[in-house]
Every structure is written in structure tokens, then in C-alpha cells.
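Worksheet for the structure shown next.
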Amino acid sequence: MGKQDVLDAIRGLPTKRAPWVPYVGVHAAHLIGQPAERYFQDPELIAEGVLYAATRYKADGIPLLFDTSIEAISMGCEYRWWPDSPPSIVEHPLRNCSLRQSGIQIPGPTSGRWPIVISAGKKLKAQLGDVALYGVLCGPLTLAWYLRGIAIYTDLYKNEAEAKELISYCGEVAREAARIYAEDIGCDVLAMIDPLVSQIKPDVFRKYVYPAAQPAIEVARESGKASVFLVYGDATEVLEEVAQVGTDGFAVDEQLNLAYARDVAHKYGVGFGGNLKVTTALSLGIISPREDAIACLAAGGTRGYVFSPGSDLPYDVPPDHIDQVLEAADWFSKHYTRYPVPRRESG
């Protein structure tokens, strides 16, 4: 197992066993005994934390960072640091003005926190070995919310031209973020995460999100990188739209039925990932992490499935809960009845 299995699974191909990608973001800071606010501002610590997490959790793939605020901060959003989570956006610069009036520009590799991210990524890439490195970028709808605030929901229906302009602009920001991850750092996977997608209807997704996502997807395609679209929440209603957005695969969290995600992925010939229960199983242990892992592996099978948490791991997830997941995955591969992979026709 390793990098190639992750790339194959994301692209919907069969693998001997489901590759394991723990979404270790801020949790890496906890693993090396650092507060999040210090960790996220030090490229040496980021590289150290991710490398340690990849080794400690026997990862086939792992994110460089799991932080949707990078682009927003680089565009002038006010933010606040926390000791146990990524920075949060506390003010929306377009709340009372238009995009054109604001003068906001598409951030590049020297903007905001990008120099830290790039430095950390280069250090890590040189040491990571046969592990797929994920570059996680903010999706266009979520970035529009960071810039505009709650008014973006009203704009989708009452100020359609303005909403289209802003979300399309955020798509261009995503293009540059994808380029940075692909070219400046050399990430193997470009993962667009857009949590707000679960709160919209299919026609809204098709009208705004689909076209805005294409520039970043084009970067992935042209650079030969695997691409995945990550959604949070109950995105059941828009999952078929997500599967057709153009990425090689998608990933879901614990609020969406994994068997349904599998069926949708197989229908459209893309990969899928998820959806270990981050709160009730991995964090609190109310549900056995071992049993939850086995349920996910049984539903996911070995055709285009990336075994992963439903979202990024919180700061203080008990490492022994992740150990239970690893033990379950090993037991599953040895003893569980395999999910049948359709036979290829000969000749």
C-alpha cells in the first residue's frame, strides 16, 4: 500500500485493500505537543507534525494542512488564532461592499500565510516518501461565505449577478491555490473542500458551484494530479451533482450514508472516501472506533474507496482510538468477506 493505491482509489479503480488517509490537520500539532496557534505559523513544526502523524498512523496519504482559512486570510479577512483549532474568520470584508468596490485581489504565493504553507510543503515533500500528499483548498461557495458572510445565502436568490460574480472570482482563487499546491509544492492530490455545499439545492450547485470549481479542476487535470471534492454535512440531495463536478473522486462525512456514496460513485465511475465518525467514535469513543472502522470498510469495499475520517481530526483525538482503527483495518483485510469487484470482460 502507499501513494499509488491512493491515486488509483481516488480515480475509481480497484485496489487490493482500501488505502488509508487520516485527515490529520490540527491534530498533528497535538501529536508533537504544540498549541495550534504556534504550529500553524511555523513551517518546521508543520513538516514535523505531518511527518510524525503519517508515520504514527501508517498513512497511505495525508494532508499538508486541513485549513479552509488560508485563502480567506490571504484576501484580507480578519481572523483569530486558537490553541486547539485552525484560525477562524471573524469579519467578512464584503459584508457592506461589492467585490469591485473592495479592491480585493487574487492572492498568490507571497500573500498572507502562503509562504508558510509553501515552505512547510517543500520540507515535507522531501521527507514523506511513498505517501500521497494532499493539498486542501477552499471551495468557491465557502470562500464566498468567508468574504461576504451570511448575506451570500440571500444573494444566491435575490442578487444572482453579484453572487455569480463573487463565486466565480472565488473559483479563480481556487485555481491559484491548486496551482500552488501542484507546482510550487508538488502535492499528489488536490482536494477542494466546500462544506457549505450541503446547505444548497442541486440547481444552485449547478448554477454557481459547478462552473466555479472548473478552473481548479483544470489545474489538477493539466498537472496530472488526482483531484477530489470534499463535502461536509448531509449532502445527500446534491451528491449526484458533486459526483459529476469533474474531480476524480469525492469524499463525505459521517452525516451521509456511505453505502449510498459508494453507489453514486460507482454510477459515475469516480472514487469516494469517508466516513469514520469523528465525534462519536474517534473523539468520544461512544461508538467503538474498531466497529465503526469495520462498518466503513465493509460498505466501501475495494473499488475506488479511500478509507478516511468523515472530516479533519480534532486537536485532542485520543491516538489509541486511531490505533483501534488501524487494528480493525488489519483484521478486516485478513478475515472479512471481500466486496466483489466487477469482472472485466475479456477480448
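Numbers at a glance
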{"item": "Filter result for Leu137 (aliphatic (A, V, I, L, M) and either farther than 13 Å from Ser69 by Cα or not in a strand (DSSP E or B) (or both))", "result": "no"}
{"item": "Enumeration of residues in region 324-333 that are open to solvent by less than 40 Å² (accessible area, probe 1.4 Å) and at pLDDT 95 or above", "result": "Val325, Leu326, Ala328, Ala329"}
{"item": "In region 265-276, the residues that are within 19 Å of Pro202 (Cα to Cα) and surrounded by fewer than 21 Cβ atoms within 10 Å (Cβ to Cβ)", "result": "Lys267, Tyr268"}
{"item": "Residues of region 83-96 classified as open to solvent by 40 Å² or more (accessible area, probe 1.4 Å) and part of a loop (DSSP other than H, G, I, E, B), total", "result": "5"}
{"item": "Selection status of Ala251, crowded, with 16+ Cβ neighbours inside 10 Å and not aromatic (Phe, Trp, Tyr)", "result": "yes"}
{"item": "Matching residues in region 1-21 - criterion: being touching a strand residue (DSSP E or B) at 6+ places or on another chain (Cβ under 7 Å), surrounded by fewer than 24 Cβ atoms within 10 Å (Cβ to Cβ) and assigned to a loop (DSSP other than H, G, I, E, B)", "result": "Arg11, Gly12"}
{"item": "Subset of region 38-56 (residues that are among the hydroxyl-bearing types (Ser, Thr, Tyr) and buried (at least 22 other Cβ atoms within 10 Å of the Cβ))", "result": "Tyr39"}
{"item": "Qualifying residue in region 174-195 (condition: without any contact (Cβ under 8 Å) to a residue 24 or more places away in the chain and either closer than 21 Å to Arg113 by Cβ or out of contact with any Lys or Arg (no Cβ under 6 Å at 6 or more places or on another chain) (or both))", "result": "no"}
{"item": "Selection from region 103-122 of residues that are open to solvent by less than 50 Å² (accessible area, probe 1.4 Å) and assigned to a helix (DSSP H, G or I)", "result": "Trp114, Ile116, Val117, Ile118, Ser119, Ala120, Gly121"}
{"item": "Qualifying residues in region 172-200 (those that are of a type outside the set (D, E, K, R), out of contact with any strand residue (DSSP E or B) (no Cβ under 6 Å at 6 or more places or on another chain) and not in a helix (DSSP H, G or I)) - the one surrounded by the most Cβ atoms within 10 Å (Cβ to Cβ)", "result": "Ile200"}
{"item": "Top-ranked residue in region 133-157 [being among the hydroxyl-bearing types (Ser, Thr, Tyr) and farther than 14 Å from Gly171 by Cα; ranked as least open to solvent (accessible area, probe 1.4 Å)]", "result": "Tyr134"}
{"item": "Residue, most open to solvent (accessible area, probe 1.4 Å), within region 22-37, restricted to residues that are of a type in the set (A, V, I, L, M, F, W, C) and not in a loop (DSSP other than H, G, I, E, B)", "result": "Leu31"}
{"item": "Odd one out for Leu128 among (1) hydrophobic (A, V, I, L, M, F, W, C); (2) in a strand (DSSP E or B); (3) closer than 24 Å to Leu45 by Cα", "result": "(2)"}
{"item": "Search result, residues across region 61-73 that are among the small types (Gly, Ala, Ser) and either in a loop (DSSP other than H, G, I, E, B) or modelled with pLDDT under 95 (or both)", "result": "Ser69"}
{"item": "Residue selected from region 295-306 under the condition surrounded by fewer than 24 Cβ atoms within 10 Å (Cβ to Cβ) and touching a residue at least 40 places away in the same chain (Cβ under 8 Å), by the criterion farthest from the chain's Cα centre (by Cα)", "result": "Ala298"}
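The values are calculated or read from the model by the stated rules, or taken from the named source; none is laboratory data. None of these values were measured; they are calculated from a predicted model. Here the Cβ is made from the backbone with ideal geometry for all residues, glycine too, and neighbour counts use every protein chain on show. The area values use the complete protein model at the heavy-atom level, side chains included, leaving out ligands, DNA and RNA. Shrake-Rupley method; radii C 1.70, N 1.55, O 1.52, S 1.80 Å.
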